[in-house]
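Participant: Could you have a look at this structure, given as structure tokens, before my questions?
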Amino acid sequence: MATNRASKRGRRRTATDDGDVSVRQAELLVIAGELFAKNGYVATTVRDIADAAGILSGSLYHHFESKEQIVDEILSAYLDSLLERYQETLDADLGPRETLEGLIRESFDAVDQHRSAIAIYQNDRQYLSQFERLAYLPRAAKKFERILMDTIQRGVDQGAFRSNLDVRFVYRFVRDDVFTAGRWYRPDGPLSA
């Protein structure tokens, strides 16, 4: 599925023939993701990634065409996964309160699998959006906003939430709490999603 989305975005994938990222590519993506999350996208060089992986810089180009492709692979995997999980929650035909709780839970559950991607998304999204292959980032942010705002508004309209609720304020509060959870939330810690 990610391969289809990737090609729709005009990106060239270096995945295996069956559409899956190879084991080595996956390892390299984890290493790069951790470096991007810790040091920032701009400050992390291809050499940094290669050094951390124990390979020559040129060898990285055997797996990926560019640093932009690496960050694209990391972010698109996170966003595609989260949007798919959001859609499953929306399709469950729950009430607005339960839907909002489900969306928040899915966001917190994503922290464990995509911690580095979340940090990259938060810290570097605006900068990365300038690249053609990452032009989908603002659209993804708008889609998350629309899903959460529509769910909150539906709750107001159906009487599940107070009628005088400031929908935009609640959305921003939920967004900021959920999308910064990667900095403090630990799935194996004392707090559950």
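Bear in mind these aren't lab numbers, they're just calculated from the coordinates by the rules spelled out. The structure presented is a predicted model; accordingly, all values stated were derived computationally and were not measured. As a convention, Cβ positions derive from the backbone with ideal geometry for all residues, glycine included, and neighbour counts pool all protein chains shown.
Participant: Return a whole-number percent for the relative contact order of the chain, with Cα pairs under 8 Å and 6 or more residues apart as the contact set.
Facilitator: This gives 22 percent for the chain.
Participant: As I understand it, the dipole of the chain uses +1 on the Cβ of Lys and Arg and -1 on the Cβ of Asp and Glu, about the Cα centre. Which of Ile31, Tyr171, Trp184 lies farthest toward its positive end?
Facilitator: Comparing the listed Cα positions along the dipole, Tyr171 ranks first.
Participant: So, one more: With an 8 Å Cα cut-off and a minimum separation of 6 or more residues, compute the relative contact order for the stretch 114-179 in percent.
Facilitator: Worked out over the stretch 114-179, it gives 25 percent.
Participant: Let's see if you can work this out: charge +1 on each Lys and Arg Cβ, -1 on each Asp and Glu Cβ, no other charges. What is the dipole magnitude of the stretch 50-169 about its Cα centre, in debye to the nearest 20?
Facilitator: Approximately 420 debye in magnitude.
Participant: Could I ask something else about it? Mind checking which of Asp91, Asp109, Asp150 has the largest fluctuation in a GNM of the chain, springs on alpha carbons under 10 Å?
Facilitator: In this elastic network of the chain, the residue with the biggest mean-square fluctuation among Asp91, Asp109, Asp150 is Asp91.
Participant: What are the extents of the Cα atoms of the stretch 40-170 along their three principal axes, in Å, largest first?
Facilitator: If we take the Cα atoms of the stretch 40-170, the spans are 60, 25, 18 Å.
Participant: Specify whether the C-alpha gyration tensor of the stretch 72-140 places it in the rounded, prolate or oblate class, a ≥ b ≥ c being the square roots of the eigenvalues: rounded for a/c under 1.5, otherwise prolate if a/b is larger than b/c and oblate if not.
Facilitator: Since a/c reaches 1.5 and a/b is larger than b/c, the shape of the stretch 72-140 is classed as prolate.
Participant: Is the stretch 117-193 rounded, prolate or oblate when judged by the Cα gyration tensor, a ≥ b ≥ c being the square roots of its eigenvalues, rounded requiring a/c under 1.5 and prolate requiring a/b larger than b/c?
Facilitator: oblate
Participant: Sticking with this one: Mean Kyte-Doolittle of at least -1.0 plus a Cα span of 18 Å or more along the axis: flag which DSSP H helices in the chain meet both, please.
Facilitator: Qualifying helices, which must be both long enough and hydrophobic enough, are 23-39, 67-91, 96-128, 136-157.
Participant: Continuing with this model, one more query. Which value in deg cm²/dmol, rounded to the nearest 500, describes the helix-derived mean residue ellipticity at 222 nm for the chain, given -39,500 (n - 2.57) per DSSP H run of n ≥ 4 and division by the residue count?
Facilitator: Taken over the chain, the calculation gives -23000 deg cm²/dmol.
Participant: Only Cα pairs within less than 10 Å get springs; with that Gaussian network setup on the chain, which residue of Glu73, Glu106, Glu27 has the largest fluctuation?
Facilitator: Of Glu73, Glu106, Glu27, the Gaussian network model singles out Glu27 as fluctuating most.
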